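The values are calculated or read from the model by the stated rules, or taken from the named source; none is laboratory data. Keep in mind the model is a prediction, meaning the values are calculated, not measured. A quick note on method: Cβ atoms are made from the backbone with ideal geometry, for glycine too, and the neighbour counts reach across all protein chains shown. These accessible areas exclude ligands, DNA and RNA; they are computed on the full protein's heavy atoms, side chains included. Shrake-Rupley method; radii C 1.70, N 1.55, O 1.52, S 1.80 Å.
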Amino acid sequence: MTAPRVLVVDDHALVGAGLVRVLEANGLRPHWCGDAAQALDAVRRDRWNVVLLDVSMPGADGFDLLKRIKAAQPGLPVLMLSMHAEHLFATRALRNGAAGYITKDSAPQILIDAIDAAANGRRYLTPSVADQLANLLQDGNGAELPHQRLSDRELQVLLRLACGRSVTEVSGEMHLSVKTVSSHKTKLMRKMALERDADLVRYALDHGLV
């Protein structure tokens, strides 16, 4: 049986190189891309069994890129990889068509198991993510917390602001204009009924976002 081909998409070269080494050591055939344009070109040009996609991509963030990959290749499984805990992004990733969600502090075997599941047409769900999905089905969208109703981009901005970064710093990290980040901040503050930056930080701490 031919080893699965895995497209690794992460803007950090050292992280990408590390993932490639782990996958190669487990008999897979990985290829690394460092930005959204390279990833979309690779998806359209070659055949892949699985895409391993970082959530926090600059410019076009991981969720934007996930949607574009699924539009180009609807049947291609995409696993989301993130430094953020599962309770922040896992169900959001699955709702957007991802085959699974893995945190970057996971053991290598978890990554290999997730790729194996995705390559064979299955979703990879950890027990905690399965519980999240069950709770959502039971409670309905009305039980969602305020931050869970934010857009993907607004949530990315929220997490950075909650860590004490300024709008200008967030602009540089996300490769967005200061005006765009300010607009996202205004919208998320309104959606969450927050008035001051201190309220935002307090909310993030109370809900385990930072």
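Under 6 Å by Cβ, and 6 or more places apart or on different chains, what pairs join a residue from segment 7-19 that is under 16 Å from residue 105 (Cα atoms) and touching a residue at least 60 places away in the same chain (Cβ under 8 Å) with one that is among the polar types (S, T, N, Q) and buried (at least 23 other Cβ atoms within 10 Å of the Cβ)?
none
Considering only residues of segment 108-135 that are open to solvent by 20 Å² or more (accessible area, probe 1.4 Å), at pLDDT 90 or above and among the hydrophobic types (A, V, I, L, M, F, W, C), which is nearest to residue 76 (Cα to Cα)?
Out of the qualifying residues, it is 119.
Quick check on this structure: which one of 201, 167, 178 is at pLDDT 90 or above, more than 18 Å from residue 89 (Cβ to Cβ) and in contact with a Lys or Arg (Cβ under 7 Å, 6 or more places away or on another chain)?
Being at pLDDT 90 or above, more than 18 Å from residue 89 (Cβ to Cβ) and in contact with a Lys or Arg (Cβ under 7 Å, 6 or more places away or on another chain) holds for just one of 201, 167, 178, which is 167.
Is it the case, given these coordinates, that residue 144 is open to solvent by less than 50 Å² (accessible area, probe 1.4 Å), within 16 Å of residue 88 (Cβ to Cβ) and either at pLDDT below 85 or of a type in the set (Ser, Thr, Tyr) (or both)?
Here the answer is yes, as residue 144 does meet what is asked.
So in segment 155-199, with the set limited to residues that are in a loop (DSSP other than H, G, I, E, B) and among the basic types (Lys, Arg), which one is least open to solvent (accessible area, probe 1.4 Å)?
The extreme case among them is 165.
Would you check if there is a residue in segment 73-85 being under 11 Å from the mean Cα position of the chain (by Cα), under 21 Å from residue 11 (Cα atoms) and of a type outside the set (A, V, I, L, M)?
Yes: one or more hits.
Residue 95 - would you say it is open to solvent by 30 Å² or more (accessible area, probe 1.4 Å) and at pLDDT 95 or above?
no
One line per residue, one yes/no per condition, for (1) under 28 Å from residue 155 (Cβ atoms); (2) of a type in the set (Val, Ile, Thr); (3) open to solvent by 50 Å² or more (accessible area, probe 1.4 Å):
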{"residue": "6", "(1), (2), (3)": "yes, yes, no"}
{"residue": "23", "(1), (2), (3)": "no, no, no"}
{"residue": "33", "(1), (2), (3)": "yes, no, no"}
{"residue": "51", "(1), (2), (3)": "yes, yes, no"}
{"residue": "63", "(1), (2), (3)": "yes, no, no"}
{"residue": "73", "(1), (2), (3)": "yes, no, yes"}
{"residue": "77", "(1), (2), (3)": "yes, no, no"}
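Counting residues that are in contact with a Pro (Cβ under 9 Å, 6 or more places away or on another chain), which strands (runs of 3 or more DSSP E) fully inside segment 1-84 reach at least 1?
5-9, 29-33, 50-54
Would you call residue 27 open to solvent by 10 Å² or more (accessible area, probe 1.4 Å), at positive phi and of a type outside the set (S, T, N, Q)?
Yes.
Here is a list: 202, 122. Which entry is of a type in the set (Lys, Arg) and in a loop (DSSP other than H, G, I, E, B)?
122
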